[in-house]
Amino acid sequence: MSHPPFAVTVDLVLMTVTGSGLAVLLQRRAEEPFAGHLALPGGFVGIDEPLDAAARRVLAAKAGFAPGEGGWLEQLYTFGDPARDPRMRTVSVAYFALLPEERLASAVGDADDLMLAPVGDLPEPLAFDHAAILCAAQDRLRGKLDYTPVALALLPDAFTLRDLQGVHEAILGKSLNKPAFRRRMIDTGWIEATGTREAVSNFRPAELYRRKPS
């Protein structure tokens, strides 16, 4: 029995927080379909290739990360609209990650076809169904703030509660009540005080915190 052409791809939503808020790594496509359009980094999955291995391969090949780099990549969702790819029927398994700004900025600096774009103000429509994938990743990331210390991935080993609140506000796209936020963060048990204060600050030197060992 013959079957029509069918393929599985992986697409990566690699996000960070910049001075202007939540940003995502995008790639300018060199080939059709959608040649010249911005898209999420992605690629086809090999016939004998595990999904996670394919995602790591794309991370290395298209986003400039060496094998083993990049921290965690979490599987987001499977996107399978029959019309999502004009070439053939494709199903995309999307992955997402929150990475330090300097690491994604380094990837952009090493490649002419990459850029960091603000999630809430993309410069142009994305190829395929990548806008829907990005929206799903943003919703997942915002939800994870309530039950995981994912925001700590963007902070140094020692940080202030002001720094932590700034990351949360950038991801959520809104301001948070300072006393309530600080109480909630301390109550989670994810962080602990270091017993030291920041050395230089435009504010009153604040106490430094670190991620609590698990």
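The values are calculated or read from the model by the stated rules, or taken from the named source; none is laboratory data. Source: prediction; values computed, not measured. Glycine gets a Cβ as well: all are built from the backbone with ideal geometry, and neighbour counts include every protein chain shown. Ligands, DNA and RNA are stripped out before the accessible areas are found, and what is left, the full protein with its side chains, is counted by its heavy atoms. Shrake-Rupley method; radii C 1.70, N 1.55, O 1.52, S 1.80 Å.
Select from region 112-126 the residues that are out of contact with any Gly (no Cβ under 7 Å at 6 or more places or on another chain) and either surrounded by fewer than 13 Cβ atoms within 10 Å (Cβ to Cβ) or outside any loop (DSSP other than H, G, I, E, B) (or both) and list them in ascending order.
Of everything in region 112-126, those that are out of contact with any Gly (no Cβ under 7 Å at 6 or more places or on another chain) and either surrounded by fewer than 13 Cβ atoms within 10 Å (Cβ to Cβ) or outside any loop (DSSP other than H, G, I, E, B) (or both) turn out to be 112, 114, 115, 116, 117, 121, 123, 124, 125.
Restricting the search to region 89-108, which residues are touching a residue at least 40 places away in the same chain (Cβ under 8 Å) and among the small types (Gly, Ala, Ser)?
Across region 89-108, the qualifying residues are 92, 94, 97, 106, 107.
For every residue, the table says whether it meets (1) over 21 Å from residue 65 (Cβ atoms); (2) not acidic (Asp, Glu).
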| residue | (1), (2) |
| --- | --- |
| 95 | no, yes |
| 105 | no, yes |
| 110 | no, no |
| 113 | no, no |
| 124 | yes, no |
| 129 | yes, no |
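All but one of (1) touching a residue at least 24 places away in the same chain (Cβ under 8 Å); (2) open to solvent by 60 Å² or more (accessible area, probe 1.4 Å); (3) of a type outside the set (S, T, N, Q) hold for residue 129; state the number of the condition that does not hold.
(2)
Going through region 162-214 one residue at a time, which ones are part of a strand (DSSP E or B), open to solvent by 70 Å² or more (accessible area, probe 1.4 Å) and aliphatic (A, V, I, L, M)?
none
Out of the residues in region 147-161 that are of a type in the set (Ser, Thr, Tyr) and under 23 Å from residue 14 (Cβ atoms), which is most open to solvent (accessible area, probe 1.4 Å)? Can you show your working first?
Step one: of region 147-161, the residues of a type in the set (Ser, Thr, Tyr) are 147-148, 160.
Still in the list and also under 23 Å from residue 14 (Cβ atoms): 147-148.
Working: 147: 138, 148: 30 Å².
My answer is 147.
Looking at residue 48, is it assigned to a loop (DSSP other than H, G, I, E, B), within 23 Å of residue 34 (Cα to Cα) and of a type outside the set (Lys, Arg)? Outline the logic, then answer.
Working: assigned to a loop (DSSP other than H, G, I, E, B): yes; within 23 Å of residue 34 (Cα to Cα): no; of a type outside the set (Lys, Arg): yes.
Here the answer is no, as residue 48 does not meet what is asked.
What residue, of 26, 22, 59, is in contact with a His (Cβ under 9 Å, 6 or more places away or on another chain) and outside any loop (DSSP other than H, G, I, E, B)?
Values: 22 fails: in contact with a His (Cβ under 9 Å, 6 or more places away or on another chain); 59 fails: in contact with a His (Cβ under 9 Å, 6 or more places away or on another chain).
So the residue among 26, 22, 59 that is in contact with a His (Cβ under 9 Å, 6 or more places away or on another chain) and outside any loop (DSSP other than H, G, I, E, B) is 26.
Residues checked against (1) open to solvent by 70 Å² or more (accessible area, probe 1.4 Å); (2) in contact with a helix residue (DSSP H, G or I) (Cβ under 6 Å, 6 or more places away or on another chain); (3) of a type in the set (S, T, N, Q):
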position: 13; (1), (2), (3): no, yes, no
position: 23; (1), (2), (3): no, no, no
position: 48; (1), (2), (3): yes, no, no
position: 61; (1), (2), (3): yes, no, no
position: 65; (1), (2), (3): no, yes, no
position: 74; (1), (2), (3): no, no, no
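Identify the residue in region 25-40 that is touching a residue at least 60 places away in the same chain (Cβ under 8 Å) and either open to solvent by 80 Å² or more (accessible area, probe 1.4 Å) or of a type outside the set (A, V, I, L, M, F, W, C) (or both) and, among all such residues, is nearest to residue 114 (Cα to Cα).
First, pick out the residues of region 25-40 that are touching a residue at least 60 places away in the same chain (Cβ under 8 Å): 25-30, 33-34, 37-40.
Now narrow it down to the ones that are either open to solvent by 80 Å² or more (accessible area, probe 1.4 Å) or of a type outside the set (A, V, I, L, M, F, W, C) (or both): 27-30, 33, 37.
Details: 27: 5, 28: 6, 29: 10, 30: 11, 33: 18, 37: 12 Å.
Only one residue fits best here, namely 27.
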